Amino acid sequence: MSTSLKYPIAASIFFVLVGTALISAAPQGFLEGRLKIISRRPVELADENTGPMTARDYADYPLIILTRDETKQIARITADKDGNYRVALPPGDYILDVQRGESAQLRAKPQPFTVIANETVHVDMTIVTGSSAEAGTPQE
């Protein structure tokens, strides 16, 4: 390869790499919040010994982050053992919702939010489960 072609090719590769690094290094913001699960099923005497929510309970209700027009899923997150979640996102407008299964009897109100670079937005999600989940969804 001639010397006259080596420099433009090397320069082009350099600028592509620098451009890619700048794009991926763009400042992100954060979404954090708490997942609250409310059960509307009838209480039975055996339930008196039921312990508090566990990480397994929260894992049964993954949250999804959608674009504002709800056409694309951006991320899927699971709350930790205490119901808390945190995720880094590029700046933009999103909707936080719960991933809905075919047989799941649950109710949750999708929560719109906006992420700003280098800032944290706090959005809580409440899910109502059980046979009377259609009765309403309280939000905090």
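The values are calculated or read from the model by the stated rules, or taken from the named source; none is laboratory data. The structure presented is a predicted model; accordingly, all values stated were derived computationally and were not measured. Quick reminder, even Gly has a Cβ in these numbers, built from the backbone with ideal geometry, and neighbours come from all protein chains shown. Remember, those area values only see protein heavy atoms, side chains included, never the ligands or the DNA or RNA. Shrake-Rupley method; radii C 1.70, N 1.55, O 1.52, S 1.80 Å.
Would you check which residues across region 119-140 are at pLDDT 95 or above and part of a loop (DSSP other than H, G, I, E, B) and list them? Scanning region 119-140 gives Glu119, Val123, Asp124. Among the residues of region 89-106, those identified as more than 17 Å from Tyr58 (Cβ to Cβ) and either more than 12 Å from the chain's Cα centre (by Cα) or of a type in the set (Val, Ile, Thr) (or both) are Pro90, Pro91, Gly92, Asp93, Ile95, Glu102, Ser103, Gln105.
The residue of region 28-60 that is farthest from Val87 (Cα to Cα), among those that are open to solvent by less than 60 Å² (accessible area, probe 1.4 Å), modelled with pLDDT of 65 or more and out of contact with any His (no Cβ under 7 Å at 6 or more places or on another chain), is Ile38. Total residues in region 92-118 satisfying the condition of being touching a residue at least 12 places away in the same chain (Cβ under 8 Å) and open to solvent by 70 Å² or more (accessible area, probe 1.4 Å): the figure is 8.
Return yes when Gly83 is more than 12 Å from the chain's Cα centre (by Cα) and at pLDDT below 75 and no when it is not. Against the criterion (more than 12 Å from the chain's Cα centre (by Cα) and at pLDDT below 75), Gly83 does not qualify.
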